[in-house]
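Worksheet: one structure, shown below.
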Amino acid sequence: MVIKIQWLTATFLWIYIFYRAVSIGITQDEAYSYFLVKTNYWRAMPGSLNTHWLNTLGMRLFLWLPGADHVWKLRMLSILSWWLYSFSAIKLSTIFKNKFIGLAFFLAAMLNPFLIFYFSLGRGYAMACALSLFSLWQAFRAIHLQEMEPADWIKVFLPASIAVCANFSSFYFFIGVSSVYALHLLINKKASILFRPTALKLKFLIVATSIFASFSLLFIRYHTKDFEGSETSDLINSLFYSQIRYGSYVTASTNLIALGLILFIVLTIFAFISCYQYFSSKNLTIGIFSIFVSVVIILCNVVFYLLFKTPFVYGRTGLMFYVVLLPGFFGIVDTLKPNRNFLKFGLNSLMIIIAFVFIINFYKGFNPDYFSEFPVQADTQKGLDYLQGVNASHVGLTPWHFSVFSNYYSKAFPDKYKFSTVLIDENVLNPYIKDCDYLIVTIPDSGKNKLLSSWNLKWYNAATKIMILSKNK
């Protein structure tokens, strides 16, 4: 019965994901990926973090389907990856001995609005998270069956390797899986099995993935310098606070800064607990495995920052870190066995509270009309259609709207929009504005009066802040 309710929940969320993917306008990151694919600009792809190779391949495949290049085609790989993610979350939720912990884990994995958002978007983050969680599920199977042979662990490494192709930030996860597996063999004095012929496939997979990811990241870091990550050198704010900030709708983000430090402290405590449990028994659990991988991810962030000045993963690039933390936190808690009834009651109550927090957070973040992370461009197509309907001739577009028009709308629907466009700066209102008969702008309320003194407001959405203006006659 519980499994059926979980799949019903996953289906409801998929409908929500699919509806948003079909109905909400394209974002600038997706538009640039589309531009690279549509124009076969393959030479630019190795130097851009925007590529997300697996996502790019998915875009290319789905664009071959009949009909216009509608935005749902660009997002279909992410949409479909939800089922792999849901399968892995449901399977992992059943392994906990305490069913309240399993419930809290399931809801924490499924109801994060920030994570759900990327399953509606044509980017690689969703697929990377789905593959990472699936890799953790396969790791549990290998651990549960006490499998240590390299051939048995290919099922763990393969999805982790493909996750790197989905998004390069998953390379941290891949290094974590590789390091913990090697440590497990070393502690159990089984490292020699890596030199057997049966280990050749796994070694090839590890070496090939590492070379590909390292070369690609170094090329981007030093040649194109198109690198994404936190602008701060504060590790805790980057890895921990950013996940709380972007994923939380319950409390204003300014009140959550301390939670990042608390989360780091809890992980540190759990890391010591994991070390004690592992080195005293030399047996892995999914909780210990995930905590160890999380620690390696943190160490990779520090080492790469010191060696290459690589920014710490942050926000969306850190989503795979969030996915890895969940089995670790809940898995370690599941190993605790309170011997008093009031402690058991307290633990179960805490899990119920966590479950309700995620339910309320999802409810507050529920938004079928536009992406909260990219509200500005949600109405761009509506604005373009309006301008075409009023026979606009020369339209000024601010950077947010100009990027999606030039990279996507003008190429996906080349004969639809007859007006010419020009890029304008909404902050300084550059001279090009005087030649426009219409504008699509997004400015704060404080800047409206100055602009409206010489332009007529034709259309405005208070939620997304988009305005269509026409020149006074």
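No value in this document is a laboratory result; all are computed from the given coordinates. Computed from a predicted model, the values in this text were never measured in an experiment. Counting neighbours? That spans all protein chains shown, and the Cβs are built from the backbone with ideal geometry, glycine included.
With a simple spin-label model that places each label point 7 Å from the Cα along the Cα-to-Cβ direction, the separation between residue 262 and residue 215 comes to 4.7 nm. For the chain, the pair-distance distribution built from all alpha carbon pairs, in bins 10 Å wide starting at 0, is 4, 18, 27, 25, 15, 7, 3, 1, 0 percent.
When the dipole is taken about the Cα centre of the chain, and only Lys, Arg (+1) and Asp, Glu (-1) are charged at their Cβ, what size is it in debye, to the nearest 20? Write down the numbers at each step before the final one.
Numbers: 39 positive and 21 negative charges, 167 e Å.
Result for the chain is approximately 800 debye, rounded to the nearest 20.
Using the rule -39500 (n - 2.57) for each DSSP H run of four or more residues, divided by the residues of the chain, the 222 nm mean residue ellipticity is -19000 deg cm²/dmol.
Applying 1/(1 + (r/R0)^6) with R0 = 60 Å to the Cβ-Cβ distance of residue 42 and residue 342 gives a FRET efficiency near 0.40. The angle between the Cα long axis of helix 319-335 and the main principal axis of the chain comes to about 30°, on a 0 to 90 degree scale.
By per-residue mean of other Cβ atoms within 10 Å, what is the highest-first order of 171-178, 134-141? Don't skip to the answer; put the middle values down first.
Values: 171-178: 25.1, 134-141: 23.6.
Peptide ranking by packing, descending: 171-178, 134-141.
Peptides 334-341, 271-278, 183-190 ranked from most to least packed give 271-278, 183-190, 334-341, packing being the mean of other C-beta atoms within 10 angstrom over each peptide's residues.
Could you grab the relative contact order for the chain? Cα pairs under 8 Å, six or more apart, rounded to a whole percent.
Reported as a whole number, the value is 19 percent.
So, counting K/R as plus one and D/E as minus one, what does the shell of residues with Cβ under 9 Å around residue 120 add up to? Taking every other residue near residue 120 into account, the sum is +2. Seen from residue 38, the other residues with C-beta closer than 13 Å to its C-beta sum to a net charge of +1, counting Lys and Arg as +1 and Asp and Glu as -1. Listed values for region 381-392 are Karplus-derived 3J(HN,Hα) couplings in whole Hz (6.51 cos²θ - 1.76 cosθ + 1.60, θ = phi - 60°), namely 5, 4, x, 5, 5, 4, 5, 5, x, 9, 6, 4, and x replaces Gly and Pro.
The H on the amide N of residue 458, modeled in the peptide plane, is under 5 Å from the matching H of 468, 469, 470, each at least 5 residues off or on a different chain. Computed from Cα positions, the angle between helix 71-93 and the longest principal axis of the chain comes to roughly 20 degrees. Relative to the longest principal axis of the Cα atoms of the chain, the long axis of helix 99-110 lies at roughly 30 degrees.
Net charge around residue 409, counting only other residues with Cβ within less than 14 Å of its Cβ (Lys, Arg = +1; Asp, Glu = -1)? Numbers along the way, then the final one.
On the way: positive: 38, 382, 411, 416, 418; negative: 30, 69, 379, 385, 415.
With Lys, Arg at +1 and Asp, Glu at -1, the net is 0.
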